[in-house]
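The numbers here are math on the coordinates, done by the rules we state, and not lab data. Note that the coordinates shown come from a computational prediction; the quantities given were computed from them, not determined experimentally. Note that we place each Cβ from the backbone using ideal geometry, even for glycine, and neighbour counts take in every protein chain shown.
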Amino acid sequence: MDAQLLRPLALELPGALEQDHFGKPAFSVKKKIFCTWWVHEERAVIKLTPEQQAEWCSELPDVFAPLPNKWGQHGWTNVFLPMVNERTMRHILDRAWRNVCPKWLLPTREVPPKG
């Protein structure tokens, strides 16, 4: 996936805003970050649950990897943008967004799964 598509994909989620997070673009909903963008490394870091992280990292190890620190143990996961297709990125952003947004903001329909 072209890394420049990350911003519009993240910002199309309901209530998503872009902000600076330690010099990096970050996307949040109601002041909770669901994705940061490491522009020069062509990767994103997304907020998954530890269970989601284990599933995605085992299914697509060339695309997803836990952060190698305590944040990784809490579900923060690297997404290597050149290795991911747009459909999977759209789905995983939706998952990360749902993990942090307030329940009242959740739509009834999810983005289709990877594939």
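Observations on the model:
- Estimated FRET transfer efficiency (residue 85, residue 32; beta-carbon r; R0 25 Å; 0.05): 0.40
- ³J(HN,Hα), Karplus 6.51/-1.76/1.60, whole Hz, each residue of the stretch 64-71, x for Gly, Pro: 10, 8, x, 4, x, 7, 4, 5
- In order along the stretch 43-51, the Karplus-derived 3J(HN,Hα) couplings, from 6.51 cos²θ - 1.76 cosθ + 1.60 at θ = phi - 60°, round to 9, 10, 10, 10, 9, 10, 6, x, 5 Hz, and Gly and Pro are given as x.
- Footprinting exposure proxy for 57, 35, 101 (fewest neighbouring C-beta atoms within 10 Å first): 57, 101, 35
- Karplus-derived HN-Hα couplings along the stretch 5-22 (A = 6.51, B = -1.76, C = 1.60, θ = phi - 60°), whole Hz, x at Gly and Pro: 7, 4, 4, x, 5, 5, 6, 7, 6, x, x, 6, 10, 9, 8, 8, 9, 6
- Full-extension gain in nm, residue 4 to residue 20, via 0.36 nm per residue minus C-alpha separation: 4.1 nm
- Computed over the chain, the per-residue total of -39500 (n - 2.57) for DSSP H runs of n ≥ 4 gives a 222 nm mean residue ellipticity of -8500 deg cm²/dmol, rounded to 500.
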